[in-house]
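I have placed the structure first, in the form of structure tokens, so that the comments after it can refer back to it.
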Amino acid sequence: MNQIRQTKCNAANHSSTANAWLASCQKIIDGVERTREAILAEFRQTLGAHEHLLRLVLNEAEVLAWQTEVPHLVFPALAMEKAQSVAAWHARQESLQRTHFKSAVAAD
């Protein structure tokens, strides 16, 4: 009888540990997702038609972050860095297009 009680108690302890671990993992996943959505919202208007590039770099940042032991700490900084890089690229592209347009107008 004691063996049965001990087995049930051990199973309950393992179950509660597993549930706590799962809850912890879910918090990390939710935090990464909230960060992703915040960065998307911040850069969405800036990038306009190039939002797909932003989504790609955020996916890349998330993959890299999950390869570490602390993805919830790595992802925000890495994602922001990559998003800023895409925004800078976008700004350069617009500048080049304006310069090209001005040159074309001046040539006419």
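The values are calculated or read from the model by the stated rules, or taken from the named source; none is laboratory data. Predicted model, so just to flag it, every value in this text is computed and none were measured. Here Cβ is always computed from backbone atoms with ideal geometry, including for glycine, and neighbour counts include all displayed protein chains.
Tell me which residues, restricted to segment 29-54, are among the hydrophobic types (A, V, I, L, M, F, W, C) and either touching a residue at least 24 places away in the same chain (Cβ under 8 Å) or crowded, with 16+ Cβ neighbours inside 10 Å (or both).
Val32, Ile39, Leu40, Phe43, Leu47, Leu53, Leu54
Does segment 68-78 contain any residue that is without any contact (Cβ under 8 Å) to a residue 24 or more places away in the chain and loosely packed, with under 11 Cβ neighbours inside 10 Å?
Within segment 68-78 (the criterion being without any contact (Cβ under 8 Å) to a residue 24 or more places away in the chain and loosely packed, with under 11 Cβ neighbours inside 10 Å), the answer is yes, since at least one residue qualifies.
Table: residues versus (1) under 30 Å from Ser95 (Cβ atoms); (2) of a type outside the set (Ser, Thr, Tyr); (3) out of contact with any Cys (no Cβ under 8 Å at 6 or more places or on another chain).
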| residue | (1), (2), (3) |
| --- | --- |
| Ser15 | no, no, yes |
| Ala18 | no, yes, yes |
| Glu42 | yes, yes, yes |
| Glu51 | yes, yes, yes |
| Leu64 | yes, yes, yes |
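Scanning for something among the hydroxyl-bearing types (Ser, Thr, Tyr), modelled with pLDDT of 85 or more and part of a helix (DSSP H, G or I), does segment 61-73 turn up at least one residue?
no
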